[in-house]
1. Kindly evaluate Ile156 against the criterion of being among the β-branched types (Val, Ile, Thr) and crowded, with 17+ Cβ neighbours inside 10 Å.
2. Under the condition of being of a type in the set (S, T, N, Q) and under 19 Å from the mean Cα position of the chain (by Cα), which residue from segment 155-173 is farthest from Phe137 (Cα to Cα)?
3. Quick one: in segment 116-128, of everything that is hydrophobic (A, V, I, L, M, F, W, C) and surrounded by 21 or more Cβ atoms within 10 Å (Cβ to Cβ), which residue is nearest to Lys35 (Cα to Cα)?
4. On the basis of being modelled with pLDDT of 70 or more, within 17 Å of the chain's Cα centre (by Cα) and surrounded by 12 or more Cβ atoms within 10 Å (Cβ to Cβ), does Leu40 make the cut?
5. Residues of segment 98-115 being of a type in the set (A, V, I, L, M, F, W, C) and either closer than 22 Å to Ser55 by Cβ or surrounded by fewer than 17 Cβ atoms within 10 Å (Cβ to Cβ) (or both), which ones?
6. What pairs come out if I take residues in segment 46-74 that are free of Cβ contacts under 8 Å to residues at least 12 places away in the same chain and surrounded by fewer than 17 Cβ atoms within 10 Å (Cβ to Cβ) and pair them with residues that are of a type in the set (A, V, I, L, M) and not in a helix (DSSP H, G or I) whose C-beta lies under 8 Å away, six or more apart or interchain?
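The values are calculated or read from the model by the stated rules, or taken from the named source; none is laboratory data. Remember, predicted model here, so these are calculated numbers, not experimental data. We place every Cβ from the backbone using ideal geometry, glycine too, and count neighbours over all the protein chains shown.
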Amino acid sequence: MIFTGIKRKSNQLFFNKKAKEFVENNSKQVSAKIKSVIILADESCDKNKLVNEVSYQLKLDDKSITIITIDKKNVKSEIENGVFTPKDFGWYGRIKSEELKSILTKKYDLLINYSKIDNLYNNLVLLQCNSNFKVGFAHLDNRFYDLLINCKFKEISLFNKELKKYLTILNKI
């Protein structure tokens, strides 16, 4: 039990170091149109609804959208694709899950974070994800995002409409 706290602290130290490097070395890459999307979501979100709405708004195929859920509960009662727990992370931010490693090594054009709160494990995934453009809610840490949209978490459809509007203005879709 005591090692859980120590492991979390080591992950926090890794995150602080990586965050500083990310902010200092943040060179923007110009990308063309959005073709692949990765979504970070809370366990309370309806995954199918999110994927359908994002694919409709951005006019993408469902297969080009990957969704990751970080479940803060340490128990995995049933293994589900795209659901990860703190047990999938090792010491110093190392990712133990092969499935999560394979997801994060792919190149994505857009990352959308639908998290209600700023979570250490979501932030670890965010820093290690290979994505050109990152979008989230305005209450999240603004150092890591290219676009923050100011609306309430329950207003997901409004968030998606605003996202579509800004991506159209930026000539991304």
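1. yes
2. Top of the filtered list is Ser157.
3. Step by step, filter segment 116-128, then rank; the result is Leu126.
4. yes
5. Matches in segment 98-115: Ile103, Leu104, Leu110, Leu111, Ile112.
6. Ser55/Ile65
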